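Asks: Quick one: structure below, then a few questions.
The values are calculated or read from the model by the stated rules, or taken from the named source; none is laboratory data. In this text the structure is predicted, and so the values were computed from the model without any measurement. All Cβ positions, glycine included, derive from the backbone under ideal geometry; neighbour counts span all protein chains shown. With ligands, DNA and RNA removed, areas are computed over all heavy atoms of the protein, side chains included. Shrake-Rupley method; radii C 1.70, N 1.55, O 1.52, S 1.80 Å.
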Amino acid sequence: MKKKIIKVKNLSKKYLGDSKYALDHIELSINQGSIFGLLGPNGAGKSTFINILAGLVNKDNGDVKVCGIDLDNDPKTVRGNLGVVPQEIMIDPFFTPMEIMNIQAGMYAVNKENIRNLEILETLGLRDKANAYARSLSGGMKRRLMVAKAMVHNPQILILDEPTAGVDVELRSNLWRSIKKLNKAGTTIILTTHYLKEAELLCDEIAVINKGNVIANDSKINLLKRL
Ligand code: ADP
């Protein structure tokens, strides 16, 4: 049996003023080393799940364990184990990728001997842009820089919220390649998507979520057999 890197039990969230649960007492587990796709239509609860893990949204109820650590007991260590790539590109155009990475390393207080910024930029196909102004990067490069930034503190888990929303086909395959490389190097990947095709091509485990309920959580092979 594979080791579970994330375990969620009875997790619920209802936003203030909403009559329905954004997450309705869900159970979910994610294997270490997998590329895990959280698949569901808009409004299903995907971002809510990710934002709870990232500490951006408070849950109402339930247990969340990340790398064996309880989110309620030690949210700081949980955050250190996660790298989160938000949907929107947020990059200061007047800094270079290397400067952006160094600032991020400072914010996470990464020890000098653990800083691997050039190596990360290389993995993301951005090494030759390390010292270029961020404003000169293409849209696809900026998105990969967001991934590089999320990897600065060497998290065990990388979370991407709709990584390819609005990204054209060629840039998408570049990004997928980078994600696969990071996974090969040992990072567990979690991504949300509303494209079945994306989950099918990229992920080895998939959970399907709808109206705040997890309606399937299985390996891609088993899930496709059932479908
Ligand atoms: P997804 O990421 O799958 O599109 P979300 O997690 O964003 O879904 O949304 C799940 C439900 O929670 C939706 O009904 C949405 O309207 C509601 N919701 C999300 N964020 C908020 C918020 N900040 N305040 C109130 N309701 C919200």
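Asks: Could you give every pair whose Cβ atoms fall below 7 Å, whose first residue belongs to the range 22-51 and is in contact (Cβ under 8 Å) with a residue 60 or more places away in the chain and under 16 Å from residue 157 (Cα atoms), and whose second residue is aromatic (Phe, Trp, Tyr) and within 13 Å of the ligand (Cβ to nearest atom), counting only separations of at least 6 or pairs across chains?
Replies: The qualifying pairs are 38/49.
Asks: Within the bounds of the range 10-22, is there any residue that is under 15 Å from the mean Cα position of the chain (by Cα), within 11 Å of the ligand (Cβ to nearest atom) and not in a strand (DSSP E or B)? Steps first, answer last, please.
Replies: Step one: of the range 10-22, the residues under 15 Å from the mean Cα position of the chain (by Cα) are none.
Checking the range 10-22: not a single residue is under 15 Å from the mean Cα position of the chain (by Cα), within 11 Å of the ligand (Cβ to nearest atom) and not in a strand (DSSP E or B).
Asks: Let me ask you something else. Across the range 210-227, what is the total count of residues that are within 15 Å of the ligand (Cβ to nearest atom) and open to solvent by 80 Å² or more (accessible area, probe 1.4 Å)?
Replies: Adding up the residues that qualify gives 2.
Asks: I would also like to ask the following. Between residues in the range 212-223 that are part of a helix (DSSP H, G or I) and residues that are open to solvent by 50 Å² or more (accessible area, probe 1.4 Å), which pairs lie under 7 Å by C-beta distance while being six or more apart or on different chains?
Replies: Close Cβ pairs satisfying both conditions: 220/200; 220/204.
Asks: Can I ask one more? Do you know which of the residues in the range 46-67 that are open to solvent by 60 Å² or more (accessible area, probe 1.4 Å) and either away from the ligand (no atom under 16 Å from the Cβ) or at pLDDT 95 or above (or both) is farthest from residue 27 (Cα to Cα)?
Replies: Step by step, filter the range 46-67, then rank; the result is 58.
Asks: Still on this structure: Could you check, for the range 160-183, whether at least one of its residues is without any contact (Cβ under 8 Å) to a residue 60 or more places away in the chain, under 19 Å from residue 144 (Cα atoms), within 16 Å of the ligand (Cβ to nearest atom) and not in a helix (DSSP H, G or I)?
Replies: Just the residues of the range 160-183 that are without any contact (Cβ under 8 Å) to a residue 60 or more places away in the chain, to begin with: 164, 166-178, 181-182.
Right, trim to under 19 Å from residue 144 (Cα atoms) and you get 164, 166-178, 181-182.
Subset that is within 16 Å of the ligand (Cβ to nearest atom): 164, 166.
Still in the list and also not in a helix (DSSP H, G or I): 164, 166.
Yes.
Asks: Identify, by number, the condition in (1) open to solvent by 20 Å² or more (accessible area, probe 1.4 Å); (2) assigned to a helix (DSSP H, G or I); (3) under 30 Å from residue 128 (Cβ atoms) that residue 95 doesn't meet.
Replies: (2)
Asks: Give me the residue from the range 100-140 that is at pLDDT below 90 and within 21 Å of the chain's Cα centre (by Cα) and, out of that set, most open to solvent (accessible area, probe 1.4 Å).
Replies: Among those residues, the one meeting the criterion is 139.
Asks: Scanning for something open to solvent by 40 Å² or more (accessible area, probe 1.4 Å), among the hydroxyl-bearing types (Ser, Thr, Tyr) and modelled with pLDDT of 95 or more, does the range 20-30 turn up at least one residue?
Replies: Scanning the range 20-30, I find at least one residue that is open to solvent by 40 Å² or more (accessible area, probe 1.4 Å), among the hydroxyl-bearing types (Ser, Thr, Tyr) and modelled with pLDDT of 95 or more, so the answer is yes.
Asks: For the condition over 21 Å from residue 11 (Cβ atoms), open to solvent by less than 10 Å² (accessible area, probe 1.4 Å) and hydrophobic (A, V, I, L, M, F, W, C), what is the one hit in 185, 148, 207?
Replies: Result: 148 is the single residue among 185, 148, 207 that is over 21 Å from residue 11 (Cβ atoms), open to solvent by less than 10 Å² (accessible area, probe 1.4 Å) and hydrophobic (A, V, I, L, M, F, W, C).
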